[in-house]
Structure formats: C-alpha cells, structure tokens
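*Asks:* Take this structure, written in structure tokens, and hold onto it; I'll ask about it next.
The values are calculated or read from the model by the stated rules, or taken from the named source; none is laboratory data. Keep in mind it's a predicted model, so treat the numbers as computed, not measured. Don't worry about glycine lacking a Cβ; one is built from the backbone with ideal geometry, like all the others, and counts go over all protein chains shown.
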Amino acid sequence: MLDARRRTQFILKTVDNYFQQKGLIAKTDINYFTRLNDILFFAVNNLRLAGTEKFIRFTPAIESNNQESALNNLADKYRQIYSSQSLHSTTGFNHYKPVSLTHQNNYGASVKLAYIDYKSTNRNIIGGVNSTVETNRTIKQALAYAFFQHAIYPNTRTVILLDFRTEGGYQENQDWSEFYNTTALTGTLNYFLSYRTMLRGNIGTSYENNVYDAFPNNFRPERLLLNANIGLDISL
C-alpha cells in the first residue's frame, strides 16, 4: 500500500512539474489537483503522451485462409485458398504535445516501403464441372503518411477527438503501376458513464483512389465514404 501511494505521489509531482516548467498552468488550487488526479488515475480515457517518438520499423506478416462450402446435397462445392506474405519498412516520427489540461495536439509523418506477395486458388465443382482459377500477384509500394489530431478534454469524463490522416504513394505489380491516395477526416466522442459503460460516437468522411488491399485481393478504384454512429460500449 505504501509503495502504491508513493508511486501516485511521484506521478502527480512529475506531471505537475512538467506543466509548471512549460507554463501551462495559470492557477494551482484544489480544483486543479482534483482534475489532475481524476485524469491520471480514474477516468478511462485515451492515453495522453508528451514528447517526440522517432522510429524505424520492419514489419513482416504472413496470412492465410482456407474456406470450403457445399450446396445442393453436396453436389456443388466451393473452395478458396489464399495466402499473403509481406514486409513493411517504416521510418518516421510522432509528436505529442499537451497544450493544457483541456487540449492536446498530436501529429506525425512517415515514409514506408512495402513488398506484398499474394496467391489465391478458387476451385468450384458445379453440376459436375470442375473449374480452377489461380491468382499470383507481387505488389511493391512506396508511400508517405501524415496525421494530425486535436484532442479536447472538457472534463474528466469526456474526450473529443478530431483526426485528419492522409496517405499517398506509388504502387506496381506485374500488370499495372499507378499512384494512389487515401484521406480521412473523423470526429470522435467518448463519454465515461461508469467503469463498465462508455458512450461512443463517431462521424467522418474518407476518400480513396486506387487503393489495393492485398488480403483478400481487393482493389478499389475510387470511392467516397460517409459514416456516423453512436452507441454504448458495455463490459460485462
């Protein structure tokens, strides 16, 4: 118990010293302490960070899937097998700046190189006729990515997040080569009702052009998406 109390005091002092050094706090009273204590230890909100993260990452991935189905008393059968091996190399930075207890700005940028090898086999038996379609693709991508977030904490229960992300680059395989891009703007509301219940809302729009998903081999030439939702997240 004593160690836990000392840890709590250390965290509060560290955060308070940072705010004081940066001139982010105009008044330190019981209300300030209560809000700081609630934000750090009681409210279940998004993690708030401070500082700059610089990174170089290599991310390999292997995915596979095997699906089978039968209809008409097992006379018609369908089987799909696909697999994907990929390697992504990413270099960039993320910067997190708590402007005050109420506002925070996060932003970052990165460049990425990707190599994706995709294989799929579709076998069908329909009316006694057997057909097989095989697909092999090797995708190479070079892209740049950037994001900006502004978070608002009006009280210890509420988080409002405005998020802008954009990604664009060049991709090619054996059959085609082209530029692609995707841009998204979203607004998110999280309201802490209790330790088991969160009210969540989301509204946003995104634009995609020549976006290719290697798994499961989905190509989207151009589309504009609009979405909005609200609901309760309940932990039983």
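*Asks:* Quick one: how many residues across the range 63-106 are acidic (Asp, Glu) and either over 23 Å from the mean Cα position of the chain (by Cα) or not assigned by TED's automatic domain parsing to the domain that holds Val133 (or both)? Outline the logic, then answer.
*Replies:* Pass one, the range 63-106, residues acidic (Asp, Glu): 63, 68, 76.
From the residues that got through so far, the ones that are either over 23 Å from the mean Cα position of the chain (by Cα) or not assigned by TED's automatic domain parsing to the domain that holds Val133 (or both) too are 68, 76.
Total meeting the criteria: 2.
*Asks:* Does Ala70 satisfy the criteria of being modelled with pLDDT under 80, outside any loop (DSSP other than H, G, I, E, B) and exposed (fewer than 15 other Cβ atoms within 10 Å of the Cβ)? Let's see the steps before the verdict.
*Replies:* On the way: modelled with pLDDT under 80: yes; outside any loop (DSSP other than H, G, I, E, B): yes; exposed (fewer than 15 other Cβ atoms within 10 Å of the Cβ): yes.
Against the criterion (modelled with pLDDT under 80, outside any loop (DSSP other than H, G, I, E, B) and exposed (fewer than 15 other Cβ atoms within 10 Å of the Cβ)), Ala70 qualifies.
*Asks:* Pick out the one residue from Thr188, Thr182 that is within 26 Å of Tyr118 (Cβ to Cβ) and under 19 Å from the mean Cα position of the chain (by Cα).
*Replies:* Numbers: Thr188 fails: within 26 Å of Tyr118 (Cβ to Cβ).
Exactly one of Thr188, Thr182 is within 26 Å of Tyr118 (Cβ to Cβ) and under 19 Å from the mean Cα position of the chain (by Cα), namely Thr182.
One line per residue, one yes/no per condition, for (1) out of contact with any Leu (no Cβ under 9 Å at 6 or more places or on another chain); (2) of a type in the set (Gly, Ala, Ser):
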{"position": "Ile30", "(1), (2)": "yes, no"}
{"position": "Ala50", "(1), (2)": "yes, yes"}
{"position": "Phe58", "(1), (2)": "no, no"}
{"position": "Tyr96", "(1), (2)": "no, no"}
{"position": "Ala109", "(1), (2)": "yes, yes"}
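*Asks:* Against the definition (surrounded by 18 or more Cβ atoms within 10 Å (Cβ to Cβ), assigned by TED's automatic domain parsing to the domain that holds Leu87 and under 30 Å from Asn173 (Cβ atoms)), how does Lys112 come out, yes or no? Let's see the steps before the verdict.
*Replies:* Working: surrounded by 18 or more Cβ atoms within 10 Å (Cβ to Cβ): yes; assigned by TED's automatic domain parsing to the domain that holds Leu87: yes; under 30 Å from Asn173 (Cβ atoms): yes.
Considered against the rule, which asks whether it is surrounded by 18 or more Cβ atoms within 10 Å (Cβ to Cβ), assigned by TED's automatic domain parsing to the domain that holds Leu87 and under 30 Å from Asn173 (Cβ atoms), Lys112 comes out as yes.
*Asks:* List the residue pairs whose Cβ atoms are under 6 Å apart, where the first residue sits in the range 126-137 and is within 16 Å of Ser69 (Cα to Cα), the second is among the polar types (S, T, N, Q) and surrounded by 11 or more Cβ atoms within 10 Å (Cβ to Cβ), and the two are 6 or more positions apart or on different chains.
*Replies:* Close Cβ pairs satisfying both conditions: Ser131/Asn124.
*Asks:* Here is a further query. Name the residue, out of Leu101, Leu36, that is under 28 Å from Phe164 (Cα atoms), in contact with a Leu (Cβ under 8 Å, 6 or more places away or on another chain), assigned to a loop (DSSP other than H, G, I, E, B) and of a type in the set (A, V, I, L, M).
*Replies:* Details: Leu36 fails: assigned to a loop (DSSP other than H, G, I, E, B).
Just one listed residue meets the conditions, Leu101.
*Asks:* Out of all the residues in the range 38-53, which are surrounded by 11 or more Cβ atoms within 10 Å (Cβ to Cβ) and at pLDDT 80 or above?
*Replies:* Once the filter is applied, which keeps residues that are surrounded by 11 or more Cβ atoms within 10 Å (Cβ to Cβ) and at pLDDT 80 or above, the range 38-53 yields Arg48, Leu49, Ala50, Thr52, Glu53.
*Asks:* Let me ask you something else. Taking into account only those residues within the range 152-179 that are out of contact with any helix residue (DSSP H, G or I) (no Cβ under 6 Å at 6 or more places or on another chain) and not in a strand (DSSP E or B), which is surrounded by the fewest Cβ atoms within 10 Å (Cβ to Cβ)?
*Replies:* Applying the first criterion (out of contact with any helix residue (DSSP H, G or I) (no Cβ under 6 Å at 6 or more places or on another chain)) to the range 152-179 yields 152-155, 157-179.
Keeping just the survivors that are not in a strand (DSSP E or B) gives 157, 173-176.
Working: Arg157: 18, Asn173: 16, Gln174: 9, Asp175: 6, Trp176: 10.
Once the filter is applied, the top-ranked residue is Asp175.
*Asks:* While we're on this one: Contact list please: Cβ distance under 6 Å, first residue in the range 25-38 and in the same structural domain as Ile11 (by TED's automatic domain parsing), second residue among the hydroxyl-bearing types (Ser, Thr, Tyr) and surrounded by 15 or more Cβ atoms within 10 Å (Cβ to Cβ), pairs at least six apart or on different chains.
*Replies:* Pairs found: Asp38/Thr156.
*Asks:* Contact list please: Cβ distance under 8 Å, first residue in the range 171-197 and over 19 Å from Ala228 (Cα atoms) and basic (Lys, Arg), second residue surrounded by fewer than 12 Cβ atoms within 10 Å (Cβ to Cβ) and at pLDDT 80 or above, pairs at least six apart or on different chains.
*Replies:* That search, which allows pairs on different chains as well, returns Arg196/Ile234.
*Asks:* Condition test on Thr186, is it under 26 Å from Leu236 (Cα atoms) and either at pLDDT below 90 or not assigned by TED's automatic domain parsing to the domain that holds Phe33 (or both)? Step through it out loud before you land on a result.
*Replies:* Details: under 26 Å from Leu236 (Cα atoms): no; either at pLDDT below 90 or not assigned by TED's automatic domain parsing to the domain that holds Phe33 (or both): yes.
No: the conditions fail for Thr186.
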